[in-house]
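J.: Below is a structure I'd like to ask you about.
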Amino acid sequence: MKRIVVFTGAGISAESGIKTFRDSDGLWENYAVEDVATPQAWYKNPEMVLEFYNQRRKQIIQATPNAAHKALVELEKEFDVTIITQNIDDLHERAGSSHIVHLHGEIMKSRSTINASLIYALQSDCILIGDKCEKGSQLRPHIVWFGEAVPMMEEAISITQGADIFIIIGTSLAVYPAASLIQFTKANATTILVDPNADAQQLPDYFTVVAQNATEGVPLIVNKILKAYV
Ligand code: NAD
């Protein structure tokens, strides 16, 4: 069975109503990244950081998977598919994809500030000051902040190395080390990018570029792949 690896970013969830990261002059939903998505922000103002992610979580719960998330599920009928996502939302899960690696964490989970292996599925839409892990330490969002290590990176590299078809959707490829994944594809892998601003990506020539929104471009390429390989 051929292996397909799909590498997604904020752009795949844009048409579900979740803003991408670089929509508004480098601000994320009107916040400077360093104020809400860094370890320094957490030490300085944990209330603000929790509130930022509580708001994002509420938006994500209201959102629904779009045609792009759903089209990727179709590929599973014929291929061994893994999705490596930079997104913290759970729209791939809710669309029905089976194998998902979250490089930058998951907003629907919390984790201990004293032991990073203590990770919990959230039972409500908020994490508050005073919410504690089983060891008695404050809980934080299960998110990889800027400046933190990306624990899933090695696994993501190894999955990418096994891809016969590698599809990138809706990422500016500006956030490292995640963006470096594209260097790990096999020489003979079929490589495809779906992004309306594909020109800005400066990808190697061997990528097939589909310069469309995800909800148009992804169903299109999924159909093409199913026709070509099945
Ligand atoms: P980015 O904001 O840097 O880039 C978004 C990319 O999506 C751009 O290349 C843009 O052209 C493209 N895009 C915009 N609308 C699109 C559409 N309708 N269809 C397809 N593509 C579209 O996002 P990034 O590269 O993923 O990096 C942002 C970081 O911020 C991520 O690592 C992520 O953790 C975090 N983030 C996550 C979410 C989420 O979970 N949905 C949302 C915002 C930010």
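The values are calculated or read from the model by the stated rules, or taken from the named source; none is laboratory data. Because the structure is predicted, anything quoted here is derived from the model rather than measured. Glycine also receives a Cβ, built like all others from the backbone with ideal geometry; neighbour counts cover every protein chain displayed. Surface accessibility is based on the protein's heavy atoms, side chains included, excluding ligands, DNA and RNA. Shrake-Rupley method; radii C 1.70, N 1.55, O 1.52, S 1.80 Å.
J.: Once every DSSP H run of n ≥ 4 in the chain is given -39500 (n - 2.57) and the sum is divided by its residues, what mean residue ellipticity at 222 nm do you get, rounded to the nearest 500 deg cm²/dmol?
T.: Values: 8 runs with 69 residues, N = 230.
That comes out to -8500 deg cm²/dmol.
J.: Now a separate question. Give me the percent of the accessible area of the range 104-148 that comes from carbon and sulfur atoms, probe 1.4 Å, all protein chains in place.
T.: Working: 1190 of 2330 Å².
Result for the range 104-148: 51 percent of the exposed heavy-atom area is carbon or sulfur.
J.: Once amide H atoms are built 1.01 Å from N in the peptide plane, which residues 5 or more positions from residue 190, or in another chain, come under 5 Å H to H?
T.: Placed amide hydrogens put 165, 166 under 5 Å from residue 190.
J.: Convert each backbone phi in the range 171-178 into a coupling constant with the Karplus relation 6.51 cos²θ - 1.76 cosθ + 1.60 (shift: θ = phi - 60°), then list the ³J(HN,Hα) values in order as whole Hz, x for Gly and Pro.
T.: 9, 6, 6, 9, 9, 9, x, 3
J.: If packing is taken as the mean number of other Cβ atoms within 10 Å per residue, what is the order of 5-15, 157-167, 126-136, highest first?
T.: Values: 5-15: 24.8, 157-167: 19.3, 126-136: 12.7.
Highest to lowest by the protection proxy: 5-15, 157-167, 126-136.
J.: In whole Å, what is the distance between the alpha-carbon centres of the range 160-230 and the range 25-99?
T.: 20 Å
J.: If you don't mind, there's one more thing I want to ask. State in Å² the accessible area per residue of the chain; use a 1.4 Å probe, count heavy atoms of protein chains only, and round to the nearest integer. Could the numbers behind the result be given before it?
T.: Details: 11240 Å² over 230 residues.
Per-residue value: 49 Å².
J.: What is the Cα radius of gyration of the range 15-75 over 2.2 N^0.38 Å, N being its residue count?
T.: 1.37
J.: When a/c reaches 1.5 or more, the comparison of a/b and b/c decides; with that in mind, is the range 122-188 rounded, prolate or oblate per its Cα gyration tensor? Please report the intermediate quantities before stating the final value.
T.: On the way: a/c = 2.87, a/b = 2.65, b/c = 1.08.
It comes out prolate by the Cα gyration axes.
J.: Taking a 1.4 Å probe, which of 195, 80 shows the most accessible area, and what order do the others take after it?
T.: Values: 195 15, 80 60 Å².
My answer, sorted largest first, is 80, 195.
J.: On to the next question. Give me the one-decimal Kirkwood hydrodynamic radius in Å for the chain, with the sum taken over alpha-carbon pairs. Provide the component values of the computation, followed by the final result.
T.: Details: mean 1/r = 0.0547 Å⁻¹.
Computed over Cα pairs of the chain, the Kirkwood hydrodynamic radius comes out at 18.3 Å.
J.: Report the calculated FRET efficiency for residue 230 and residue 32 (r = Cβ-Cβ distance, R0 = 41 Å), to the nearest 0.05.
T.: Computed FRET efficiency for residue 230 and residue 32: 0.30.
J.: If you don't mind, another one. Excluding residue 138 itself, what net charge comes from residues whose Cβ is under 10 Å from its Cβ, given Lys and Arg +1 and Asp and Glu -1?
T.: Details: positive: 132, 140; negative: 131.
That works out to +1.
J.: How much solvent-accessible surface does residue 93 expose, in Å² to the nearest 10, with a 1.4 Å probe and all protein chains in place?
T.: 70 Å²
J.: Leaving ligands, DNA and RNA out of it, work out the accessible area of residue 3 with a 1.4 Å probe and give it in Å² to the nearest 10.
T.: Around 120 Å² of this residue is reachable by solvent.
J.: Where a ≥ b ≥ c are the square roots of the eigenvalues of the C-alpha gyration tensor, would you call the range 164-204 rounded, which needs a/c under 1.5, or, failing that, prolate if a/b is larger than b/c, or oblate? Mind showing how you got there, number by number?
T.: Values: a/c = 2.04, a/b = 1.31, b/c = 1.56.
Because a/c hits 1.5 or more and a/b fails to exceed b/c, the range 164-204 counts as oblate.
J.: Right, next: Given +1 on the Cβ of Lys and Arg, -1 on the Cβ of Asp and Glu, and no further charges, what dipole in debye does the range 126-230 carry about its Cα centre, rounded to the nearest 20? Walk me through the intermediate numbers first.
T.: Values: 6 positive and 10 negative charges, 36 e Å.
Here the range 126-230 has a charge dipole of around 180 debye.
J.: If I compute solvent accessible area with a 1.4 Å probe over the protein chains, what percent of it on the range 149-230 is carbon and sulfur?
T.: Details: 2140 of 4280 Å².
Roughly 50 percent of what the probe reaches on the range 149-230 is carbon or sulfur.
J.: Under the definition of Cα pairs under 8 Å and six or more residues apart, what whole-number percent is the relative contact order of the range 105-230? Let's see the in-between values first.
T.: Details: 157 pairs, mean separation 20.6, N = 126.
Averaging sequence separation for qualifying contacts and normalising by length gives 16 percent for the range 105-230.
J.: Report relative contact order for the chain in percent, whole number only (criteria: Cα-Cα under 8 Å, sequence separation at least 6). Write out the running numbers ahead of the final one.
T.: On the way: 415 pairs, mean separation 55.6, N = 230.
Value for the chain: 24 percent.
J.: Determine the order of 124, 117, 137 by accessible area, beginning with the largest, at a probe radius of 1.4 Å.
T.: On the way: 124 65, 117 85, 137 25 Å².
Result, largest first: 117, 124, 137.
J.: Skipping prolines and chain starts, which residues have an amide H placed within reach, meaning under 5 Å, of the one on residue 101, given they are 5 or more residues away or on another chain?
T.: Amide H neighbours of residue 101: 83, 84, 85.
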